[in-house]
Amino acid sequence: MVGCALALATLTACGSGDGGGGSKGSGGDKLVMGFAQVGAESGWRTANTKSVRESAKSAGIELKFSDAQQKQENQIKAIRSYIQQKVDVIAFSPVVETGWDAVLLEAKRAKIPVILTDRAVDSSDTSLYKTFLGSDFVEEGRKAGKWLTENTDGPAKVAEIQGTTGAAPAIDRQKGFKEAIAGKSDIKIVASQSGDFTRAGGKQVMEALLKSHPDINVVYAHNDDMGLGAIEAIKAAGKKPGTDIKIITVDAVKAGMQALANGEINYIVECNPLLGDQLMDLAKKVVKGEKVPERVVTEETAFTSEQAAKVLKDRKY
């Protein structure tokens, strides 16, 4: 991880700014943001954290950062700590969609604006947060499914390796993919299991699925890391990834793009982790009381093997 380490157990926050001057949260004039990150489960998340830290420093924003280690209870503790510290704005990427209303209501009552980044929450009360900055996960799933419908010959027996159960990207990427392949009787999802967005999880799931469904010829992994783990399992089973089994993933981190360029992954839908600059801009606006869009969608594309080879050397993550 970039920057200074944080002991989540004590919720000791470290600043990514220059350390000088005061803060609004402590009586000074420097904007203070409390950021509750999901964890460090993937290359995408590491790049996202780096982007947030570096952008906060460039914007002159004091950053109080916590790593939830993929546990909702840790994020809730961190958010409550930020409320007690009277930060100016709270931003977080929720581990799962549900169960946030109580703590977000506490922030609202404390008059601390909240920005959702990367992942949404499932709440009927949209007044609990000011805006949501992130990708359209349903559209990412649609892109993956559309590519498969256009690039498959004969029956496709798909193993879906899902992200963390209950997480917005896992729910939405599954939804979009199913929408895209609906009506294609020759494409069937024969197994769907969570790999928790980790490479180790992807490998473990793929090992089990290859035993229970040896006729799998397509893998749809909800992120690159799980796809890379699946590649290890496929090779260990004596099969050739990208040829014997087509692989579609989401993210487009450097390791995934390299596998794509090498022909071991067939298609990657981009999910851009570099949200830092947009987040800091939104933070300044909401603290000033300016109106911001309820939804800010990041611009993203998708890559074939040939396209990955062309852009790989210039990838920032």
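Rounded, prolate or oblate, given the Cα gyration tensor of region 165-207, with a/c below 1.5 counting as rounded? Each step should come with its number before you reach the end.
Values: a/c = 3.48, a/b = 1.50, b/c = 2.32.
Here region 165-207 falls in the oblate category.
What fraction, in whole percent, of alpha-carbon pairs in region 120-190 exceed 14 Å separation? Roughly 64 percent, rounded to a whole number. From most to least packed by mean Cβ count within 10 Å, the peptides 94-104, 192-202 give 192-202, 94-104. May I ask what percent, to the nearest 5, of DSSP beta bridges between residues of the chain are antiparallel? Around 5 percent antiparallel, to the nearest 5. Straight-line cross-link partners of Lys239 among the lysines, defined as a Cα under 17 Å from its Cα and at least 8 positions apart when in the same chain: Lys157, Lys203, Lys211. Using Cα atoms only, what is the angle between the long axis of helix 224-236 and the major principal axis of the chain, expressed in degrees (0 to 90) to the nearest 10? Roughly 30 degrees, rounded to the nearest 10. For the chain, the longest principal axis of the Cα atoms and the long axis of helix 137-150 meet at an angle of about 20 degrees.
Beyond 37 Å, how much of the Cα-Cα pair distribution for the chain remains, as a whole percent?
Values: 9786 of 50086 pairs.
Tail fraction, whole percent: 20.
With the simple spin-label model, which puts each label point 7 Å out from Cα in the Cβ direction, the Lys71 to Thr304 separation comes to 4.6 nm.
For region 125-283, a crude dipole built from +1 on the beta carbon of Lys and Arg and -1 on the beta carbon of Asp and Glu, taken about the Cα centre, is about 500 debye to the nearest 20.
For the chain, adding -39500 (n - 2.57) for each run of n ≥ 4 DSSP H residues and dividing by the number of residues yields -12000 deg cm²/dmol at 222 nm.
Modelled spin labels at Lys235 and Glu150, positioned 7 Å past Cα toward Cβ, are 3.0 nm from each other.
What number, in nm² with one decimal, is the all-direction average of the projected area of the convex hull of the alpha-carbon atoms of region 164-268? Show your work: numbers first, answer last.
Details: hull surface 24.6 nm².
In nm², the orientation-averaged hull projection of region 164-268 is 6.1.
Determine the share of the chain's accessible area contributed by carbon and sulfur atoms, expressed in whole percent, with a 1.4 angstrom probe. Provide the component values of the computation, followed by the final result.
On the way: 6450 of 13560 Å².
It is 48 percent, rounded to a whole number.
Where does each of 243-250, 232-239 land if you order them by average Cβ count within 10 Å, highest first?
Values: 243-250: 22.8, 232-239: 15.4.
Final packing ranking: 243-250, 232-239.
Its Cα centre serving as origin, the chain has a Cβ charge dipole (Lys and Arg +1, Asp and Glu -1) of approximately 520 debye. Length gained on full extension, Lys178 to Val292: 37.8 nm, using 0.36 nm per residue less the C-alpha separation.
Counting only C-alpha contacts under 8 Å and six or more residues apart, can you give the relative contact order of the chain as a whole percent? Walk me through the numbers on the way to the answer.
On the way: 715 pairs, mean separation 52.2, N = 317.
Relative contact order of the chain: 16 percent.
Most tightly packed first, judged by the mean number of other beta-carbon atoms within 10 Å of their residues, the peptides 213-224, 107-118, 284-295 read 213-224, 107-118, 284-295. Relative to the first principal axis of the alpha-carbon coordinates of the chain, what is the inclination of helix 72-84, with its axis defined by its Cα atoms, in degrees from 0 to 90 and to the nearest 10? That works out to roughly 20 degrees.
Computed from label points 7 Å out along Cα-Cβ, the spacing between Val190 and Asp215 is 0.6 nm. Dipole of region 68-130 computed with +1 at Lys/Arg Cβ and -1 at Asp/Glu Cβ about the Cα centre; of Ser124, Val87, Gly99, farthest Cα towards the positive end is Val87.
The values are calculated or read from the model by the stated rules, or taken from the named source; none is laboratory data. All values reported here derive from a predicted model rather than from experimental measurement. Glycine gets a Cβ as well: all are built from the backbone with ideal geometry, and neighbour counts include every protein chain shown. Areas reflect the complete protein model, heavy atoms only, side chains present, ligands, DNA and RNA absent. Shrake-Rupley method; radii C 1.70, N 1.55, O 1.52, S 1.80 Å.
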